[in-house]
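The structure that follows is given in the form of structure tokens.
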Amino acid sequence: MTDKLRRSILALSLLCLSLAMFPSAASASHSWNGYHWARQSNPFTLKLGNNLNSTWSPILSTTSSDWTSSTVLNTTIVAGGTTARQCRSTLGQVEVCNNTYGNNGWLGIAGVSVSGSHITAAYVKLNDSYFNTPQYNTTAWRNLVSCQEVGHTFGLDHQDTDFNNANLGTCMDYSNDPSTNQHPNSHDYAELVTIYTHLDSTTTVKALPPAMSQIDFDGPGQWGKLVGFTDKGLTSVYELDFGGGNKIFTFVIWANPDVLDGRGSHGPQVQ
């Protein structure tokens with residue numbers, strides 16, 4: 001990485017639909033620290049790269065249609081620019097991939113790379129090692145995971161992270177019952193307006209930090225060193241330092257090992 005690329009790169013990898021259960025009140029504002037795609041006009045169009053099989057492609061069509069209902073952004077599905085296994089970020093689009101990534105404890109990952117406050121690249125991985133099982137092989141679960149992970153790539157955080165309370169009627173809500181949490185709700189659209197009301201003098205829709213295209217980010221072997229944890233290891237933060245101020249942080253929510261029933265691994269075991 002050259003001196004010209006001396007900028008902070010933050011990658012958020014949220015295992016958003018893991019089975020870990022930890023309480024949190026619904027958020028009145030769920031922007032993810034104000035990160036957003038730089039653009040010079042609204043609505044802007046963000047490409048979703050289709051690296052999906054025939055089972056997932058209709059799900060992505062639903063996800064794209066749902067988020068395009070926003071007044072400030074449109075999404076369009078284009079041919080994928082990577083392989084499903086690698087799912088590496090490419091120029092100006094969110095790569096969306098499915099594969100049997102392994103019994104590693106996560107259903108989906110949203111990886112977002114930023115420079116300053118601007119999103120520059122993103123990817124979504126959907127783990128068929130779990131979606132091929134009877135529990136998750138449903139349209140409702142697939143819609144929830146796809147909608148939520150793609151939502152993260154716009155700069156949205158969760159509205160709620162309590163699995164056991166009543167559904168909020170949005171895919172940005174943790175839930176054990178996806179039936180009514182398959183699509184965005186009015187608050188998601190309102191939050192996007194808040195995030196994207198201001199305009200930028202430049203655009204990052206066509207920018208790409210190289211670090212995100214060189215690593216697969218499948219697991220701890222690519223995430224760097226463990227720098228923080230909560231809930232006895234159920235949530236973890238990793239840091240991968242490229243030098244020159246360039247870092248990738250990976251935020252992980254691990255599945256509860258009691259729920260996995262022997263079908264996957266778990267994060268750091270903290271006593």
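The values are calculated or read from the model by the stated rules, or taken from the named source; none is laboratory data. Owing to the predicted nature of the structure, the values given are computational and were not obtained by experimental measurement. Glycine also receives a Cβ, built like all others from the backbone with ideal geometry; neighbour counts cover every protein chain displayed. The protein model used for the area step is the full one, side chains on, heavy atoms only, and it has no ligands, DNA or RNA in it. Shrake-Rupley method; radii C 1.70, N 1.55, O 1.52, S 1.80 Å.
Hey, among the residues in segment 60-97 that are over 16 Å from the mean Cα position of the chain (by Cα), of a type in the set (Val, Ile, Thr) and within 26 Å of GLY219 (Cα to Cα), which one's least open to solvent (accessible area, probe 1.4 Å)?
For segment 60-97, the residue satisfying everything is THR82.
Among the residues of segment 85-92, are any in contact with a Lys or Arg (Cβ under 7 Å, 6 or more places away or on another chain), at pLDDT 80 or above and not in a helix (DSSP H, G or I)?
yes
Given the conditions (1) within 24 Å of ASN185 (Cα to Cα); (2) over 17 Å from the mean Cα position of the chain (by Cα), and given that LYS47 satisfies all but one, which numbered condition is not satisfied?
Going through (1) within 24 Å of ASN185 (Cα to Cα); (2) over 17 Å from the mean Cα position of the chain (by Cα) one by one, LYS47 breaks only (2).
Does VAL252 fit the bill of being modelled with pLDDT under 90 and within 14 Å of the chain's Cα centre (by Cα)?
yes
Give segment 149-167 a look and list any residue that's in a strand (DSSP E or B) and within 26 Å of SER89 (Cβ to Cβ), or say none.
Scanning segment 149-167 gives a single hit, LEU156.
Can you list residue pairs whose Cβ atoms sit under 8 Å apart, with the first residue in segment 185-210 being under 18 Å from VAL150 (Cβ atoms) and modelled with pLDDT under 90 and the second being charged (D, E, K, R) and in a helix (DSSP H, G or I)? Count only pairs 6 or more apart in sequence or on different chains.
Short answer, once both residue conditions are applied: none.
Can you say whether SER146 is open to solvent by less than 10 Å² (accessible area, probe 1.4 Å) and assigned to a helix (DSSP H, G or I), as far as the supplied structure shows?
Against the criterion (open to solvent by less than 10 Å² (accessible area, probe 1.4 Å) and assigned to a helix (DSSP H, G or I)), SER146 qualifies.
OK, next. Can you say whether SER186 is of a type in the set (Gly, Ala, Ser) and surrounded by 24 or more Cβ atoms within 10 Å (Cβ to Cβ), as far as the supplied structure shows?
no
A follow-up question, please. Looking only at segment 107-128, filter to residues that are in contact (Cβ under 8 Å) with a residue 60 or more places away in the chain and not in a strand (DSSP E or B); which one of those is farthest from the chain's Cα centre (by Cα)?
Result: GLY116.
Next up: Evaluate the following for SER57: is it open to solvent by 20 Å² or more (accessible area, probe 1.4 Å), among the hydroxyl-bearing types (Ser, Thr, Tyr), modelled with pLDDT of 85 or more and out of contact with any strand residue (DSSP E or B) (no Cβ under 8 Å at 6 or more places or on another chain)?
Taking the combined requirement at face value, the residue does not satisfy it.
For (1) at pLDDT 50 or above; (2) in contact with a Lys or Arg (Cβ under 6 Å, 6 or more places away or on another chain); (3) within 22 Å of GLN222 (Cβ to Cβ), each residue gets a yes or a no:
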site: ILE9; (1), (2), (3): no, no, yes
site: LEU12; (1), (2), (3): no, no, yes
site: PRO23; (1), (2), (3): no, no, no
site: TRP32; (1), (2), (3): yes, no, yes
site: GLN40; (1), (2), (3): yes, no, no
site: PRO43; (1), (2), (3): yes, no, no
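For ALA28, all conditions in the list (1) at pLDDT 50 or above; (2) loosely packed, with under 15 Cβ neighbours inside 10 Å; (3) out of contact with any strand residue (DSSP E or B) (no Cβ under 9 Å at 6 or more places or on another chain) hold save one; what is the number of the exception?
(1)
Name the single residue that is farthest from SER69 (Cα to Cα) among those in segment 130-169 being of a type in the set (Val, Ile, Thr) and in contact with a Leu (Cβ under 9 Å, 6 or more places away or on another chain).
Checking each candidate, the answer is VAL145.
Residue check: is THR75 hydroxyl-bearing (Ser, Thr, Tyr) and within 11 Å of LEU48 (Cβ to Cβ)?
yes
I would also like to ask the following. Scanning for something open to solvent by 10 Å² or more (accessible area, probe 1.4 Å), at pLDDT below 90, under 20 Å from ASN98 (Cα atoms) and not basic (Lys, Arg), does segment 149-171 turn up at least one residue?
No; the residues of segment 149-171 include none that is open to solvent by 10 Å² or more (accessible area, probe 1.4 Å), at pLDDT below 90, under 20 Å from ASN98 (Cα atoms) and not basic (Lys, Arg).
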